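Here the structure is laid out as structure tokens; the discussion comes afterwards.
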Amino acid sequence: MPKVFDNLYSQVIDFTNLYEAWHRAAKGKRGNPAAASFEFNLGDELLSLQRELTSQTWQPGEYYSFYIRDPKKRLVSAAPFRDRVVHHALHNVTEAIYDNTFIGDSYANRKGKGTHAALDKAQA
């Protein structure tokens with residue numbers, strides 16, 4: 001029988017979790033105007049986000065698209081900063097649950113894993 005997890009949503013919308021999510025979302029984004037604006041009004045922004053999530057009225061914003069050349073040209077679509085905070089809030093709560101269900105040879109987007117670890121394993 002699969003394990004059941006209770007109260008995950010209350011953990012996601014917890015103010016401390018939202019604060020930690022903001023901190024993670026802001027990492028490397030300090031020069032971003034949307035991140036700076038969010039930080040300038042941090043308390044109000046987090047409370048507003050918490051209210052919307054609690055009342056289930058939160059709606060994701062529009063993604064914005066831009067091109068990068070790394071080394072070839074490709075289109076990137078990025079979520080608004082406010083949505084990134086919500087993404088991190090979800091990730092903070094669910095990462096440990098999902099990570100335990102993955103096989104050992106699953107490397108994408110996992111702590112302590114990644115492309116270098118996958119290459120090392122493949123070459124061993």
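The values are calculated or read from the model by the stated rules, or taken from the named source; none is laboratory data. These numbers were taken from a predicted model, which means no experiment stands behind them. In this analysis, Cβ positions are derived from the backbone assuming ideal geometry, glycine residues included, and neighbour counts consider all displayed protein chains.
Quick notes on this structure:
- Subset of the stretch 94-115 that is over 19 Å from the mean Cα position of the chain (by Cα) and at pLDDT 75 or above - its residue that is farthest from Val4 (Cα to Cα): Thr115
- Conditions (1) free of Cβ contacts under 8 Å to residues at least 24 places away in the same chain; (2) under 15 Å from the mean Cα position of the chain (by Cα): number failed by Lys29: (1)
- Scope the stretch 69-107; condition closer than 28 Å to Gly31 by Cα, in contact with a helix residue (DSSP H, G or I) (Cβ under 8 Å, 6 or more places away or on another chain) and part of a loop (DSSP other than H, G, I, E, B); matching residues: Ala79, Pro80
- Annotation: of all residues in the stretch 70-89 being surrounded by fewer than 16 Cβ atoms within 10 Å (Cβ to Cβ) and either within 14 Å of the chain's Cα centre (by Cα) or in contact (Cβ under 8 Å) with a residue 12 or more places away in the chain (or both), the one that is nearest to Gln50 (Cα to Cα) is His87.
- Residue within the stretch 46-69 that is loosely packed, with under 11 Cβ neighbours inside 10 Å, within 17 Å of the chain's Cα centre (by Cα) and over 30 Å from Lys121 (Cα atoms) present: yes
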